[in-house]
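Taking it in order: structure first as structure tokens, then the write-up.
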Amino acid sequence: MAYTHEDYKNAVAVIRQQTQLEPRIGLVLGSGLGTLADTLDDRVIIPYENIPGWPQSTVEGHSGRLVIGRLEGHVVVAQQGRAHLYEGYTPQEITFPIRIMHFLGVKTLILTNAAGGLNTNFRVGDLMLLNDHINLVGMTGTNPLIGPNEASIGERFIGMAQSYDRELRQLARQVAAEHDITLHEGVYVCLSGPNFETPAEIRMLRIIGGDAVGMSTAHEVLVARHAGMRVMACSGITNEAISEIDTDLDASHEEVLDAGTMIVPKLTAILKGVLRLYQDA
Ligand code: HPA
């Protein structure tokens, strides 16, 4: 189903009724990573179910609230939890929140996600700044920008070569160095899920150049870049991808959530540090 301007207007109106704050920064906080939004000053909390058109998150570790408030000198709107394709939503539905952030005035989007480590140098609890992605889901035709182009938002054909903002990545590197946090940089592969990958799939994803694999983010980046937002994204490595058959190992959602507690303090330090230094919002 394609959304109409009426749908966008209705959602924006409900949010604006709750707060006078005008966010310029959007945050999307992924699996087990939502607690940063609880620290916003002057915060207003809007459950997703109160916003017309907004997809509900049905997954454990995603609390399903929009939080608007102040953080490090910026007004931010934070999604505590997101919806995924594997929950049965369309690409347009899972990216509706990014369109709403655009209409709220967001110019810069910072996304986080939980991801499996493909790169054998990555350990559980590490962070990876995205410098590029391979959107296997989008490349095969499940892409939120398919359909009539919203020309009032952006162009039909968009370039993706500058998707992960150079200045924001530089700030993230600087903050990581100041806090002595290991921050890898690499390519995120987006799959639909909900299953984790087979060992053969993992070996394939390494060959095509992936460093981390997950089930989100690329769709949101497409819609954000279509709207001209500057984007930064960071994965928390929650598990090391298994590339061998006949071991006793397997991936699970429990290990993804457990690793979140290791990742949150480091990710919080990076995001707050970047916002403290970031002027262009
Ligand atoms: N694969 C896909 N998505 C994920 C993983 C994974 O190993 N870990 C966390 N999200």
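The values are calculated or read from the model by the stated rules, or taken from the named source; none is laboratory data. Note that this is a predicted model, so its numbers are computed, not measured. Note that we place each Cβ from the backbone using ideal geometry, even for glycine, and neighbour counts take in every protein chain shown. The protein model used for the area step is the full one, side chains on, heavy atoms only, and it has no ligands, DNA or RNA in it. Shrake-Rupley method; radii C 1.70, N 1.55, O 1.52, S 1.80 Å.
Share of pairwise Cα-Cα distances greater than 19 Å in the range 1-110 is 38 percent (whole percent).
Report, in deg cm²/dmol and to the nearest 500, the calculated mean residue ellipticity at 222 nm for the chain, where each DSSP H run with n ≥ 4 adds -39500 (n - 2.57) and the sum is divided by the residue count.
On the way: 7 runs with 88 residues, N = 281.
One gets -10000 deg cm²/dmol as the mean residue ellipticity at 222 nm.
Sequence-distant contacts, meaning Cα pairs under 8 Å at least 6 residues apart, place the relative contact order of the chain at 25 percent. The distance from the alpha carbon centre of the range 86-105 to that of the range 199-255 is 20 Å, rounded to a whole number.
How much of the calculated P(r) for the range 207-281 lies past 14 Å, in percent of all Cα pairs? Walk me through the intermediate numbers first.
Numbers: 2046 of 2775 pairs.
Beyond 14 Å sits 74 percent of the P(r) for the range 207-281.
Averaging 1/r over each pair of different alpha-carbon atoms in the chain and inverting the result gives 18.8 Å, the Kirkwood hydrodynamic radius. Per residue, the convex hull spanned by the alpha carbons of the range 51-204 comes to 156 Å³.
With coordinates expressed along the principal axes, the C-alpha atoms belonging to the range 173-254 extend over 44, 34, 27 Å, beginning with the largest. Return the carbon/sulfur percentage of the accessible area of the range 1-46, one whole number, probe 1.4 Å, all protein chains in place. So the carbon and sulfur contribution to the accessible surface is 46 percent. Peptide packing: for 89-101, 230-242, the average count of neighbouring Cβ atoms within 10 Å per residue gives the ranking 230-242, 89-101, highest mean first.
For the range 1-160, the per residue solvent-accessible surface stands at 42 Å², with DNA, RNA and ligands left out and a 1.4 Å probe. Phi-derived couplings, Karplus 6.51 cos²θ - 1.76 cosθ + 1.60 at θ = phi - 60°, listed residue by residue for the range 7-18: 4, 4, 4, 5, 5, 4, 5, 4, 5, 5, 5, 8 Hz, with x used for Gly and Pro. Taking all protein chains together and rolling a 1.4 Å probe, LEU171 ends up with roughly 20 Å² accessible. Taking 0.36 nm per residue of separation and subtracting the Cα-Cα distance, full extension of the segment from LEU249 to ARG276 would add 5.6 nm.
For the pair ARG123 and GLN174, what calculated FRET efficiency results from E = 1/(1 + (r/R0)^6), where r is the Cβ-Cβ distance and R0 = 22 Å, to the nearest 0.05? Mind dumping the intermediate values first?
Numbers: r = 22 Å, r/R0 = 1.02.
With a Förster radius of 22 Å, E is 0.45.
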